[in-house]
Amino acid sequence: MSWSRNLLFLPLGALLLHFPAQAEVASELRLLSDSFLSPAYNSGDQTTYQFVGANFASDPITLDPLKVDLRAAYAFGAPLMSYINIKELSYRIEVNDNQVFTMGRHRQRWSELDRRWNFGLIEPVFKWNPLSPESQGLTGLFWEVQTGWSRISLFGSFIYLPDQGPSFDIDSDGQFVRGNPWFRRPPESIHVMSEASQIEYNLDRPNDSQVVLQSSYGVRLDVGEGTPYRARLASLYKPMNQLALGYKKGILSIPTDRALVDVVPQVMYHNVTSGDAYYQGQRLRFGVSAAYDRPTKDNRFQADWNRPIYSDAFLMSPFFDALIAKGWTLSVQHLSVRGGEISEEGPDASPDRPSISSRYPYLQANAVSLEVDRRLTRSHRLIMKGSYTQSEKNQFRLLRWEGRLEFSRLWSVQSELQLVDAAELTKDNRNEISEFNNNDRLQVGVGYVF
């Protein structure tokens, strides 16, 4: 489904050719190398991967009708590491001075919390590397009306694209292939009658249309635009961006001594209400963002399947941004989640075993970051961001750094670094960061604008 989902954007992609004069799209060719640094790394067959990729992006500030933010990369000798990331591909029509109609995959700031933490609460998230998630736009029709100091936005769609996680494959023996270090493989063995038996998985993959053809709608109200004191309120009814996984144990295969397990994904819906209140000045921006996530109680699984049960959750994130010098921005933020647990219901469900479905990456965190965007000379520009995220509740520390030095109009060198220190996973401490405790990573590369 990771490739077929992108076929939905082919009609919009034709706009790149049909309206070349309506948008300036910057194109960049990249050569990259990923290296995993931890001595305890055991998530894949390789410790180094080479990529060739391309970026296509329009200027996010201009009012060009066509908006594009697309990135793709091919991994030599490791096809499961290749990816296409379509963050935005939309076309904008100005009905009049106060109304704008947009169609396609379009990024909007529905919630400050969701965008800052890339949480996948409202907008889906690109999780090729779960340690560095990136928000993607919702796909559908958008209508905005500006009335003085307020703006109302309506969204509707019959197309649903969930979080885009790491690619995976299952071999002929029902085992998940060790071809992607970012894919969390499920358990490989189970105890049957006090004996350990290897698990053979059968993924009951639904048709793409059964997943993609889902309805969504939402409304957002922004007030205080043009003033220092602003607020935002949004409410949406849509599918959860994370697929729910149900499973059913089969019989023990005597010839192979394997336990057969069927796994099926399903789309679950939820109601999300979010609110932001903040101050925005020339050098300071601070406020608080909150959201209430209420999953529906629909049961889309058959009675003999084990299924996840999602509880309601309340999320809150105060934040503070400061322009400390020209081109230097300091940010501090906190996140807390109350509720949001996932239990299981079914013939084989157990309260002592965590659910195989996922929802939030973690439940509490503090983060501080520093962004730099400085032009050193006429032809040299430095773009850099470093962040430190720490969680007492989920017991992890994550250091991230990314940099880009443009030493001409065409050439640049780029790098990324991620270092993780996390406690072991337990039934009471499930989080995505600890899943990749040994995936310390360094990426270096070069880019050429064409």
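For segment 313-362, give me each residue that is touching a strand residue (DSSP E or B) at 6+ places or on another chain (Cβ under 6 Å) and more than 27 Å from Ala277 (Cβ to Cβ). Within segment 313-362, Gly327, Ile342, Ser343, Glu344, Glu345, Gly346, Asp348, Ala349, Ser355, Ile356, Ser357 qualify. Listed by position, the strands (runs of 3 or more DSSP E) contained in segment 23-138 that have at least 1 residues being closer than 25 Å to Lys238 by Cα and small (Gly, Ala, Ser) are 83-94, 99-106. Considering segment 331-382, the residues that are surrounded by 14 or more Cβ atoms within 10 Å (Cβ to Cβ), of a type in the set (D, E, K, R) and in contact (Cβ under 8 Å) with a residue 40 or more places away in the chain include one that is nearest to Leu284 (Cα to Cα), namely Glu371.
When Ala234 is tested against (1) modelled with pLDDT of 85 or more; (2) of a type outside the set (Val, Ile, Thr); (3) in contact with a Gly (Cβ under 9 Å, 6 or more places away or on another chain); (4) surrounded by fewer than 17 Cβ atoms within 10 Å (Cβ to Cβ), just one condition goes unmet, and that condition is (4). Whenever a residue of segment 102-131 is free of Cβ contacts under 8 Å to residues at least 40 places away in the same chain and over 20 Å from His270 (Cα atoms), its partners that are of a type in the set (Phe, Trp, Tyr) and crowded, with 21+ Cβ neighbours inside 10 Å, lying with C-beta atoms within less than 6 angstrom and at least six residues away or across chains, give the pairs His106/Phe142. Just to verify a result, which residue in segment 37-55, among those that are at pLDDT 90 or above and hydroxyl-bearing (Ser, Thr, Tyr), is nearest to Val211 (Cα to Cα)? Among those that are at pLDDT 90 or above and hydroxyl-bearing (Ser, Thr, Tyr), it is Tyr49. Quick one: in segment 95-149, which of the residues that are buried (at least 19 other Cβ atoms within 10 Å of the Cβ) and basic (Lys, Arg) is nearest to the chain's Cα centre (by Cα)? Ranking the qualifying residues of segment 95-149, first place goes to Lys127. The sole residue among Leu154, Leu161 that is at pLDDT 95 or above and in contact with a helix residue (DSSP H, G or I) (Cβ under 8 Å, 6 or more places away or on another chain) is Leu161. Over 22 Å from Asn118 (Cα atoms), of a type in the set (D, E, K, R), surrounded by 15 or more Cβ atoms within 10 Å (Cβ to Cβ) and touching a strand residue (DSSP E or B) at 6+ places or on another chain (Cβ under 6 Å) - does that describe any residue in segment 383-402? Scanning segment 383-402 turns up no residue that is over 22 Å from Asn118 (Cα atoms), of a type in the set (D, E, K, R), surrounded by 15 or more Cβ atoms within 10 Å (Cβ to Cβ) and touching a strand residue (DSSP E or B) at 6+ places or on another chain (Cβ under 6 Å).
What do you reckon, is Tyr279 crowded, with 17+ Cβ neighbours inside 10 Å and among the hydroxyl-bearing types (Ser, Thr, Tyr)? No; evaluated as a whole, the condition is false for this residue. Among the candidates Ile159, Ile84, Ile152, the residue that is crowded, with 18+ Cβ neighbours inside 10 Å, touching a residue at least 24 places away in the same chain (Cβ under 8 Å) and of a type in the set (A, V, I, L, M, F, W, C) is uniquely Ile84. Scanning segment 94-123 for residues being modelled with pLDDT under 95 and of a type in the set (A, V, I, L, M) gives a total of 1. When the criteria are applied in full, Gly447 fails the requirement of being part of a strand (DSSP E or B) and without any contact (Cβ under 8 Å) to a residue 60 or more places away in the chain. Taken over segment 2-36, the criterion of being in contact with a strand residue (DSSP E or B) (Cβ under 6 Å, 6 or more places away or on another chain) and either at pLDDT 90 or above or among the small types (Gly, Ala, Ser) (or both) is satisfied by Ala23, Ala26, Ser27, Glu28, Leu29, Arg30, Leu31, Leu32, Ser33, Asp34, Ser35, Phe36. Of everything in segment 424-436 that is in a loop (DSSP other than H, G, I, E, B) and under 19 Å from the mean Cα position of the chain (by Cα), the residue that is farthest from Ser355 (Cα to Cα) is Phe436. Cβ separations smaller than 7 Å between residues 6+ apart or across chains give the following pairs from segment 225-244 residues that are farther than 12 Å from His270 by Cα to residues that are of a type in the set (Phe, Trp, Tyr): Glu225/Trp149; Gly226/Trp149; Thr227/Trp149; Pro228/Tyr279; Tyr229/Tyr279; Arg230/Tyr278; Ala234/Trp110.
You will find that of Thr62, Thr47, the residue that is within 14 Å of Val25 (Cβ to Cβ) and β-branched (Val, Ile, Thr) is Thr62 and no other.
The values are calculated or read from the model by the stated rules, or taken from the named source; none is laboratory data. The model shown is predicted, which means the values in this text are computed figures rather than measured ones. Heads up, the Cβs are rebuilt from the backbone with ideal geometry, glycines too, and the neighbour counts pull from every protein chain shown.
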